[in-house]
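First comes the structure, then the notes that go with it.
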Amino acid sequence: MFDRRGRAAPRVAQLATLAAAAALLSSCAPGAASPGGSTDGAPATPRTPAAQAPTSSATTPEAGIPAHETPRRATSDRGLPLYTPGEAVELEGTAGNPLISLTVTSISVEDTCPVDGGQPEHGAFALLEVEATFEKADDPDAHQRPLALSPQAWSYHPVDGPGFDGDLGTTPAASCQQAGNALPDELKPGPSVHGTLVLDIPERTGSLTLADVDTDIAEWPLP
């Protein structure tokens, strides 16, 4: 606004202009506090820097992503690790050596013996093709207990209900096994073994478990 003589408007406006300029100069002065910083000379709280784009997804992983853990093997209702044909069960001795490796390469369930046509005593035959090795210990005096592979080391479990407490190594099962490439009753240190194990089971469905010294160590679902 102007007065009647055309002079500048009241001093109030001039003072307001000067105050604004002073505030602008003080904000640019050295040591002025930045937004969010300290006003008493103490260091400002550092801010987390913005994440930089990785140069390569293969060499610069994103921050905060944990390393992937090795997936654990699925377990049965009995808490035993589940295996499928072709997967190796590996057992180590007390000192990590020797190493036992056992692989059930195939499982089939038959109403009659495919070799001699025999009938099962219970309900069906489970035929397992097995490959296994038992490495010799470096110490020739070391005691190496064999791993039992006979029908007595195996157990049958139905889909529901308690385990079967009958004999899986019946006479028909033994006859069927001996008629083919029979698996030995024990796995001992030395050459690898390969053969067929025949078990007489009450049902076509369920699973089989293998025990070492009366303790189940692995389980295979029937196909």
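Bear in mind these aren't lab numbers, they're just calculated from the coordinates by the rules spelled out. Here the structure is a predicted model, which means the values were calculated and not measured. Here Cβ is always computed from backbone atoms with ideal geometry, including for glycine, and neighbour counts include all displayed protein chains.
Numbers below:
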item: Convex hull volume per residue for segment 114-187, taking Cα atoms only, in Å³; result: 131 Å³
item: Pairwise label distance in nanometres, ALA88 with GLU131, each label 7 Å out on the Cα-Cβ vector; result: 0.9 nm
item: Calculated Rg and Dmax of segment 171-214 using C-alpha coordinates, Å; result: 12.5, 36
item: Full-stretch length increase - ASP138, ASP212 - with 0.36 nm per residue and alpha-carbon distance subtracted; result: 24.4 nm
item: Per-residue ³J(HN,Hα) for segment 108-125, Karplus 6.51 cos²θ - 1.76 cosθ + 1.60, θ = phi - 60°, Hz, x for Gly and Pro; result: 9, 10, 10, 6, 9, 5, x, 9, 10, x, x, 9, x, 7, 9, x, 7, 9
item: For segment 135-148, Karplus couplings with θ = phi - 60° (6.51, -1.76, 1.60), whole Hz, Gly/Pro x; result: 6, 6, 6, 5, 7, x, 8, 5, 7, 10, 6, x, 9, 6
item: Simple spin-label estimate for SER106 and ARG78 in nanometres, 7 Å along Cα-Cβ; result: 2.5 nm
item: J(HN,Hα) series, segment 84-90, from Karplus relation 6.51 cos²θ - 1.76 cosθ + 1.60, nearest Hz, glycine and proline x; result: 10, x, x, 8, 8, 8, 10
item: Built amide H within the under 5 Å cut-off of GLY195, gap 5+; result: VAL130
item: Additional length obtainable on full extension of the chain from ARG204 to ASP167, 0.36 nm per residue less Cα span; result: 11.7 nm
item: Computed FRET value (nearest 0.05) for GLU121 with LEU99, which takes r as the C-beta separation and R₀ as 41 Å; result: 0.65
